1. Mind scanning K148/K175; K977/K1043; K520/K680 and naming the pairs with a C-alpha gap bigger than 26 Å?
2. Which of the residue pairs K934/K963; K567/K819; K361/K1040; K621/K819; K552/K1003 have a Cα-Cα distance greater than 19 Å in the structure shown?
3. Would you please calculate the Kirkwood hydrodynamic radius of the range 753-795 over all C-alpha pairs and express it in Å, rounded to one decimal?
4. Please work out whether the range 768-864 counts as rounded, prolate or oblate from its C-alpha gyration tensor, where a ≥ b ≥ c are the square roots of the eigenvalues and a/c under 1.5 means rounded, while otherwise a/b larger than b/c means prolate and anything else oblate?
5. How about the range 403-472: which GluC sites (Glu not before Pro) there are in a DSSP loop, with at most 11 other Cβ atoms within 10 Å of their Cβ?
6. Sort V1155, V247 by Cβ crowding within 10 Å, fewest neighbours at the top.
7. Roughly how many whole Å is it from the C-alpha centroid of the range 1138-1156 to that of the range 622-669?
8. Tally Lys/Arg at +1 and Asp/Glu at -1 over every other residue whose Cβ is under 9 Å from the Cβ of A1114; what's the total?
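Read the figures in this text as sums done on the coordinates, not as results from a lab. Quick caveat: nothing in here was measured; it's all calculated off a predicted structure. Positions of Cβ are generated from backbone atoms using ideal geometry, with glycine treated the same way; all protein chains shown enter the neighbour counts.
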Amino acid sequence: MIDLFNNKSVSLTRDNQIPQFPLVAMSPELSLGGISPHLPLATSTSPSQTPLSDMTGPFEGLKRELTDLEQFCEGKSPQSDEAKAEIRELGWQLQAWEKSLQKGVSSLLPAALKDYGKNLFSDPDAEQRLLILQDWARKTQDALPQLKKRWESLTERFGVQDHDYFPQIEKHTAKIKYETDIARGGLQHLTSKEKNALFASLPLPKPSLIGRCFHALWSDRTKNLVFNGFSLMQLTAQFSNALRDSVGAPICSNDPFEDQCFSLKMLEQEVASLMETLPSCPENDLAAYGNKHKNIVKQAYLADALELPGIKVPLPKGVSTDQVTRFLQKHAPEVFEAWEALSALDLHSEEAKRQLEIIDKGIEKAFSNTEILNDELVQWLEQIDGYLMVRSTGAEDSRKSANAGGNLSVSYVKPNPEEFCRALGSVVRSYFGINSLQNRINAGLNPFEEELSLAVTAQELIGEADGEIPISLVAFSNEPLYIGNEKFRVTRLSATYGHGEGVVGNQGIESDTVLVLHSKAQPDQLYILYDNQEKPTRLAPVEGPDGITLQKVPNPEHLVRRPALSKDQIARLFHWGVLTESYFEDDATDMEIVIKGDTIYPVQARPINRGSLLPTYIDLKKIAESEQSPIEQTLNAEVLVPGKASALELQRDEILVADTLEEAEKRFAKDQHKLVVVHKSEPANSHPVVNFSSLGIPCLYLPQKQALQGNAFAVCMQSGDLHIWNTAKGKVEDFTSEGFVVHPAKIADSLSITETLPAISGIMQVPEDVRELALSLRTAVSKEEALKSLKLLKQHDWLKGFSNEARSFGRIGIELDEKIEKAFSEIEASSGRLETLIRIKHLETLLFAPATSGLAQYSVVTMQENFAAAKVLSDYQNKLSQPAQFADILLAGTRCPAPEVFEKWQDFLLGLEKQAVPASDIAQLKHVIHTLEKAGALSFFMTFFFDRESPTLQNVLEAFPQKEEAKISQLLEHKQKIQDLNKRIEDFGSPSHFENAFRQLEKLDGRLVQELYREASPITRSIAIEIMHDLIDTYDTAIKTMKRPGIPIEEKPALFKKMLLPFSHVLDSWADSLTPNVFFQQNEKLDWIGEYFAQATPNLADLQPSTEFSVARAAFGSRARFAIPQTMEDVFTFLHQSHLAVNGYLAQKLLPEEVLQKSLPEKLEKDLVSLDQLTKFSTTRTDIRVDENTISIQYNDTFRWHSGSLIYIFDKQFNQVNQEMRGVGEIESAASMETDRNKSSRLTGRERQF
């Protein structure tokens, strides 16, 4: 073995772990803590310093001494003076070692490391000696906790009051490990000359400075030296290790000894500067196989050239454009004739549809044979063990057009020639699809003036097999919309479990979103904002009669709340993104990636297409200073696509309103529409988001389906506010300012827990001056002004009070408090406008964000609710002399919006605490509460079924019999299916997706809910009624979606009848079994509907209401003679209103008005009494929804061709009642028809709701 600091041989201790060596500049013949009496002499001329061996050597001796002492004290009385004396003796040895460590660390270790650097290349064993010391520090650090525990056990047992030396010993040992880690990490890439120069320039260097000097030297080197691939590989590896350290247990940050040791951003820049030395990928004829194929090959070359561990790019095999063209010319020449004819047609004309059908059928026929496959492809197919992913690689993934989702990719293709060719054909057919053509036209390209690009590529699919669930993600190496023209990086990752379509397709699969920046306050760290979502389902391959299809399946329980990406994976993905971007000519890169096991599989890459930003915003300060505000109404929306981050003045016909972005893509007119508003949110990486981002078209998500009434509008795409604007009071441009005031990123940040903390909602309001300080921070025009606001905000009593409570609350409170502290530090260290604003937005999220669907996304505001819950639980326990038995269900009482219920519930539980309640009853009560909570019915139960006057345990248990649990489980499963279908409701308007969506709708026939309702308890019936109301709404929305533009108008009458049939069957079964003969002429009406469907021959007139029909006279509940429907639109209205009547009857029967009103808060009760007096015979209560903050009661009133709803909403937090009125006019069907007939009319009936 080699002496650590001298080129001399030394012996090891008996366990071959601890080196015995003297240090340079030490006096001779000093032992290693008494372990070895004889050591080689040092050659130093300075004998004044304590040897390093005095630091390291005593550890093993102390371990043996402690073991001997434990054996000596075994069986001795705690009062034994002999034992106490031996313990104190060992304590003196600990004290001596602690002092040796302290002196050595402060003076000897830096000198030793300096000498190590000087002799590193003259002494080949120098690094080995440093490694030995590093290893000693690591093993000692690992062993100290157990040693400390054993020592404390002895001193406590024998009552020896001794000073605790272990904290200082642990600190000094950590220091040695820290210094040696840094020295080795910072030196391993420097030449001998550079290292000697480095150490010669520092008389007594801090090892933590090595990292900084390391970067400076690299920077100088790049000016004078040419690097070979090996040097680049070394630096790449160093960068990867530094990134992974930065998110794990970084050796350079948050340490008690030094400042940051280096900047990750500087290291990233050095890597980027050397990427040009990497030889280019031999492209040869890659262009013939399309951009996607070429980019995959280039990624594979990059990973191989740098020998990156854990990165594996599945190499593709392709069929070139030339091969496909020649193949089609031989087997389907009509394709090219039809394409030529199509170029002169309007794509939406009937003749164009006919030509597209000729193309589609011709390609399908051609690829029914395998002649296109050459020997190389056939041999490749034979080598594939699993499945293939056959991808489009035609007109897409270029800097001109992303064409995301326009072309088809086929997953889980069996690697045999027939299946492979069918998949090739499907992809080629999609190139001529209306979606692909429209995307390219929207991007300003003319597909008929370009050469056809028909290439197809294929990879071995990295998918789900043998129970191993992959992680799929989209990674943006940098998001141009988030950085503007500034020089910083925001990497965006979106990840979930299962197949990648769950991330890029809007299929109701939740994804985590991660924003990764370089920390400004701690340059050796990444600044990670992780939005963790609950992920109950994934897309997975399911074998069926038609082969393998991707279907939504439940995730294992342990994955549902777990972050999809670990910190180590985030660091590795960030590293890969930087390398790929640098290799792809410094273009921000959009990548699709699969992670399986510990391997990262990049499977796609494309440049990110974003136009330049022109940031302006509507300046509310200017509006406040004006004599009159031009804003008449403001609709608060969520920004899906910021466009150019500009404030826009718009006319109504320049705003495209649609249910979804997918629908908006189909209806988008480039020369007309300047803003898109949708009523369904969209994943950040969905294909429509990518395409609208490429076009620079701003998109907003507005949940309320309300009309945009007015002619003039102004939208601020930074805040997401859509204003109805009065142009007579000023032009929009007069109230705008240039620059950014809000960062465009959507920010959420989850804490490290996955469970939900107890909370009592509606606790806290934010002081107005705090919000004003946050606003002034965001709108500051100078760094000085911003720092002043930041300081005042940081020192505000509101935040200080939170910090004090958080520190006493526990780990999660401390974590949030530390995040806030870090956010303040990040803002202080930032410089660029967007670079600062994204950190301000993060701070605002941590301070003010309300409760979200994300996991553990607490803020100062919401954590007050957790503090309140903790206090209530503590007060409850203080009222008892014994440990509480029911504390875990105490907060169930807060789930009722009527405040007095909690007091009654608490008194009820306190009464049980004082009784001898059988354990079985305790368990059953808790099970009832937890089951109701899971079912989402706890608020309803506490509001209407908990007896507030004289509650008993028996009453509560009887309200929810044990046998009901199975019924509730079935109901919840049915409810989930309805929710899933609603997430894909736009499929009913798509010719290619309608049939699959309709099959799912048919399965929701309502009979299961009816059967479960029949023998159920009242609370279970309330769940069933709610589900039936949701099913009625789903049918209503699905039918209206089918009637809107998308499906050819001539096909709609038949589809209308097809959808109305099961809708009528649901009504028939519910009315017949649950409300027999309750309504006037009920059976006659149902019989007539059955006969109508047996005889009806649908035509276009059926899409309109008849002039004679009145639903108010026809529907269930009417006492008038049956007004016979004349068209299917009349039948639809009749069915819908009759469904609501049945549901309303069941709701009234479950909760009669007298029971309802006595359960309601006083304010709401008074309003409903007034309503009853005003509309005693014209309204029907159809729905009640309750959560912990609100009670919503809906009444329905029928008119001639339509109905109206009046909704009363009680808000617990403000103790007030709000009213909403909704109506769907008779214009709805006519508007849909007109839209089909005239493509220039873009306003559908749904958009005209009022």
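1. Table pairs above 26 Å Cα-Cα are K520/K680.
2. Long pairs (Cα-Cα over 19 Å): K361/K1040; K621/K819.
3. So the Kirkwood estimate lands at 12.5 Å.
4. Prolate is the answer for the range 768-864, as a/c is 1.5 or above and a/b outweighs b/c.
5. Details: sites: E418, E419, E449, E450, E451, E460, E464, E468; in loops: E449, E450, E451, E464.
Here the sparse-neighbourhood loop sites are E449, E450, E451.
6. On the way: V1155 11, V247 19.
The most exposed by this proxy come first: V1155, V247.
7. 40 Å
8. +1
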